[in-house]
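The values are calculated or read from the model by the stated rules, or taken from the named source; none is laboratory data. Quick caveat: nothing in here was measured; it's all calculated off a predicted structure. So basically every Cβ, Gly included, is an ideal-geometry build from the backbone, and we count neighbours across all protein chains shown.
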């Protein structure tokens, strides 16, 4: 244990916390008398500057993680990872946070700009923590830091009853799921005697070989409930539609993107530890056990996390894909539609996690998916926010005649929604292709093929509801033809996001190489 | 030739950025772009004559996944690119009267055209799929915004059918890619990968049906009549003219080219069907006869043409399933021929007649004496109808003849059944021709009076130019089919030698 190391590894989080305090001080001390617009702009810019410095700090953190004590060898007792997938996710979190802060400039739901930005930065720090966490306790602390921030952000529109209602529901569900998660963690600790992920996997493997399998399953289901809540997987998704609908738009964008990226980064590290703990113990010959799946082949199935965890993820993936897409068909509010589509996308990604590869292909494909999805969703919420301000509603009918009322905004909507539907040459298609190719590359067998076929069929269905929005924007006549004005900064941000979605779709290798370079 | 793609997409972009209200500029710009694309396609076709496969562009696109941006052209591609060029120019000419959001119309139009050019020139399965999907979305907007009868329904149905088809193709693409070791998605590499026969046995029908949905194969054809009827004239010309060919081309290039063992006999027979080849051939024959019979019973002029497309595309699919040189030659030639003829028919019905009479009901047209009042339309339809029936001297004749000869070699019963379809084809064309243009009802004095009062607008020059372009194409190919066959034959031979049988 070396506290200088701890400081080095947590430097990005520290930067964010410092930035949060600076924002608070600047807003409450120096800008007390300033007009609201200036305060919002100052707070956003300070927050973005904090994200930029933190990005630089991520680069400084290097590839060496932070370990406690001295274990069996390198990598054991790791508390926080650095570099690799964690680094990619952290940079993704920072970029998406900065984008949601840019969307704040146009917002008018609160007079407490400083507090809002400070909470956003602290929640982002929590997200960065769980993206790197390798220890049950760190995971839990990071998750709570993130979640508490999100509850506050959801409730931030004090004048709106919906916002309060959404926050209350989110909080109750969230508190419950955190309790489940902690309960599951306590079983894992009891089975393995450790809180370090590799040791937990190893310990539970040994324990279940001696008859502790049922207890392990209970623990894993509890944990799946807790983490399934974070990524809005069916049946733990019930908070998502209400929260997406009630939260102020920048907060909803933050929940839909940053929180998702962080949670999936956590799932990636759990899945890869579950696969690689043998490697770390130099048991090279047991690779066959690890790749044994619940397929009906006559393979000796080992008990333990490597077999039970993918099965749970697979069930969550299938229910999320099917229910998310079917429920989205029936929505008339664009925000709720985005919520159910988020459930569906979580389903696709969980499929990638269930068939996790020994090599880094799956981790990279999932990161690619979640980062581009987060970017697209931030853009989609930006559009919804602009339309909502002009029409006072987020119903689909608020989009009527958008191509006439604001052609640029309509074009942005077209690009983003088609990307969500997975139409080439937009980035959403690449993400799906990448992910499904990774799934098929791992699961040699008919199960993975059927599940991928289901996922593709479901994404064909999803085109229908995305087209419902585009139909109103482009096809149906406007009931009200007054132009919709968007704040120039917002418009520039949205156009940049749409351009990025298009460019990354045409040159997918750019982002792939970047992810692989960590 | 690759510039046809870039030019179309550039055209789409420029049209999208044009300020509102400059309709005249948008039209001329569209004509210029389409004309330039046609010239490129034509020079590519002429200069490529006698050559085999020519690689146009090859760059690593996603190196880590082995995906290449690989554009190439062989004889089949060149013929279909030429068809697309012709159809694009004709489509612009027949869209001259679009006043609503003109620049957006042409933006979507060229996005579609660019995707179509791309599909015909892609020799990488992944790239082909990308262009294929790019072509789907603009179709939805073209129909939903500028369409007519039940356009929302027709457009959505078309989009969903296409997307379900492409989802099937995507599953096939992913499965073939990962089964071959995730090294490359180039068509050549996938074909050489030597996928196991049992895998090809299910991949082939999956990919074939996925593409055949867009080719209007019975019983997945139901999007075609409603889509054609709902679409604005130019879009239905493109839909019947080139988009249905995308499906047939995909069946040929990807379905049959990559999974040739999928056509092998199953080893048992069920209801007399012993392989996927028999299944699809029978479906194609049913499509031919069914489409023709349904066309015979329609009261809406455009539905007649819509169902006739299903029938004619049945010939393409039947030609593919013959698996011999002459049948496949016929299939490709039929793609070209039907593209031109269907475009002409839709143009006459949807643009020249409907824009003046504002009805497509045969019963109402019967009272209008169009042969006298719109002689140009009547004679143009006579030519197009004769070509569509497959009379000698027009492209349809030589194409369908080749398909039938090929089918005879494969299974004489297919020829016999398809022959019934041709006879019914004569009947429905004749019926439509007579009802719409050459009625024997004598006009009453009252009718004559109202005709005087509400004369039809004269035929405009874009209409004449479009009819001339399409009409000349079909006659030239009909009189001298070697123009196209010289390109098609070597390419088909190479494809067959590539291990299809």
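Each residue in segment B:345-365 was checked for being farther than 19 Å from residue B:431 by Cα and not in a helix (DSSP H, G or I), and 1 pass. Taking the condition over 30 Å from residue B:44 (Cα atoms), out of contact with any helix residue (DSSP H, G or I) (no Cβ under 6 Å at 6 or more places or on another chain) and more than 11 Å from chain A (Cβ to nearest Cβ), does residue B:154 pass? Spelling it out, it is not the case that residue B:154 is over 30 Å from residue B:44 (Cα atoms), out of contact with any helix residue (DSSP H, G or I) (no Cβ under 6 Å at 6 or more places or on another chain) and more than 11 Å from chain A (Cβ to nearest Cβ).
Selection of segment A:424-449 for residues being at pLDDT 90 or above and closer than 19 Å to residue A:322 by Cβ yields A:432, A:435, A:436. Residues in segment B:55-73 that are within 24 Å of the chain's Cα centre (by Cα) and buried (at least 22 other Cβ atoms within 10 Å of the Cβ) were compared, and the one that is farthest from the other protein chains (Cβ to nearest Cβ) is B:73. Condition check: assigned to a helix (DSSP H, G or I), over 16 Å from the mean Cα position of the chain (by Cα) and either without any contact (Cβ under 8 Å) to a residue 24 or more places away in the chain or away from every other protein chain (no Cβ under 12 Å) (or both). Does residue B:140 satisfy that? The answer is yes for residue B:140. Checking A:420, A:409, A:402, A:414 one by one, the residue that is within 12 Å of chain B (Cβ to nearest Cβ) and closer than 30 Å to residue B:166 by Cβ is A:414 and no other. Filtering B:81, B:55 for residues that are at pLDDT below 85 and within 30 Å of residue A:433 (Cα to Cα) leaves a single hit, B:55. Among the candidates A:11, A:24, A:31, A:16, the residue that is at pLDDT 85 or above and farther than 30 Å from residue A:274 by Cβ is uniquely A:24.
A single member of A:501, A:492 is surrounded by fewer than 22 Cβ atoms within 10 Å (Cβ to Cβ) and assigned to a helix (DSSP H, G or I), and it is A:492.
If the condition is being surrounded by fewer than 24 Cβ atoms within 10 Å (Cβ to Cβ) and either touching a helix residue (DSSP H, G or I) at 6+ places or on another chain (Cβ under 7 Å) or free of Cβ contacts under 8 Å to residues at least 60 places away in the same chain (or both), then segment B:214-231 contributes B:218, B:220, B:223, B:226. Comparison of A:428, A:445 shows that the only residue that is touching a residue at least 60 places away in the same chain (Cβ under 8 Å), surrounded by fewer than 20 Cβ atoms within 10 Å (Cβ to Cβ), under 25 Å from residue A:314 (Cβ atoms) and within 12 Å of chain B (Cβ to nearest Cβ) is A:445. Against the conditions (1) within 13 Å of chain A (Cβ to nearest Cβ); (2) surrounded by fewer than 24 Cβ atoms within 10 Å (Cβ to Cβ), residue B:128 satisfies every one except (2).
From the list B:118, B:91, the one residue that fits, being assigned to a helix (DSSP H, G or I), crowded, with 22+ Cβ neighbours inside 10 Å and either out of contact with any strand residue (DSSP E or B) (no Cβ under 9 Å at 6 or more places or on another chain) or without any contact (Cβ under 8 Å) to a residue 12 or more places away in the chain (or both), is B:91. Could you tell me how many of the residues in segment B:1-25 are within 26 Å of residue B:48 (Cβ to Cβ) and either outside any helix (DSSP H, G or I) or in contact with a helix residue (DSSP H, G or I) (Cβ under 6 Å, 6 or more places away or on another chain) (or both)? Total meeting the criteria: 10. Of all residues in segment A:85-115, exactly one satisfies the criterion of being more than 14 Å from residue A:54 (Cα to Cα), within 17 Å of the chain's Cα centre (by Cα) and surrounded by fewer than 23 Cβ atoms within 10 Å (Cβ to Cβ), namely A:85. I want to confirm something. Restricting to segment B:166-190 and keeping residues that are away from chain A (no Cβ under 11 Å) and buried (at least 21 other Cβ atoms within 10 Å of the Cβ), which single residue is farthest from residue B:68 (Cα to Cα)? Going through the qualifying residues, I end up with B:190.
More than 7 Å from chain B (Cβ to nearest Cβ), in a helix (DSSP H, G or I) and closer than 27 Å to residue B:153 by Cα: does that describe residue A:451? For residue A:451, the condition - more than 7 Å from chain B (Cβ to nearest Cβ), in a helix (DSSP H, G or I) and closer than 27 Å to residue B:153 by Cα - is not met. Given the condition over 29 Å from residue B:81 (Cα atoms) and assigned to a helix (DSSP H, G or I), answer yes or no: does some residue in segment B:328-344 qualify? No, segment B:328-344 contains no residue that is over 29 Å from residue B:81 (Cα atoms) and assigned to a helix (DSSP H, G or I).
Here residue A:71 clears all of (1) touching a strand residue (DSSP E or B) at 6+ places or on another chain (Cβ under 9 Å); (2) at pLDDT 70 or above; (3) assigned to a loop (DSSP other than H, G, I, E, B) except the condition numbered (2).
Kindly establish whether residue B:147 is crowded, with 18+ Cβ neighbours inside 10 Å, farther than 19 Å from residue B:253 by Cβ and within 14 Å of another protein chain (Cβ to nearest Cβ). Yes; evaluated as a whole, the condition is true for this residue. When A:433, A:507 are screened for being facing chain B (nearest Cβ under 9 Å), out of contact with any helix residue (DSSP H, G or I) (no Cβ under 6 Å at 6 or more places or on another chain) and surrounded by fewer than 20 Cβ atoms within 10 Å (Cβ to Cβ), only A:507 passes.
Could you tell me whether any residue of segment A:373-393 is at the interface with chain B (Cβ under 10 Å from one of its Cβ atoms) and in a helix (DSSP H, G or I)? Taking every residue of segment A:373-393 in turn, none turns out to be at the interface with chain B (Cβ under 10 Å from one of its Cβ atoms) and in a helix (DSSP H, G or I).
Among the criteria (1) in contact with a helix residue (DSSP H, G or I) (Cβ under 8 Å, 6 or more places away or on another chain); (2) in a helix (DSSP H, G or I); (3) within 20 Å of residue B:247 (Cα to Cα), the one residue B:199 does not fulfil is (3).
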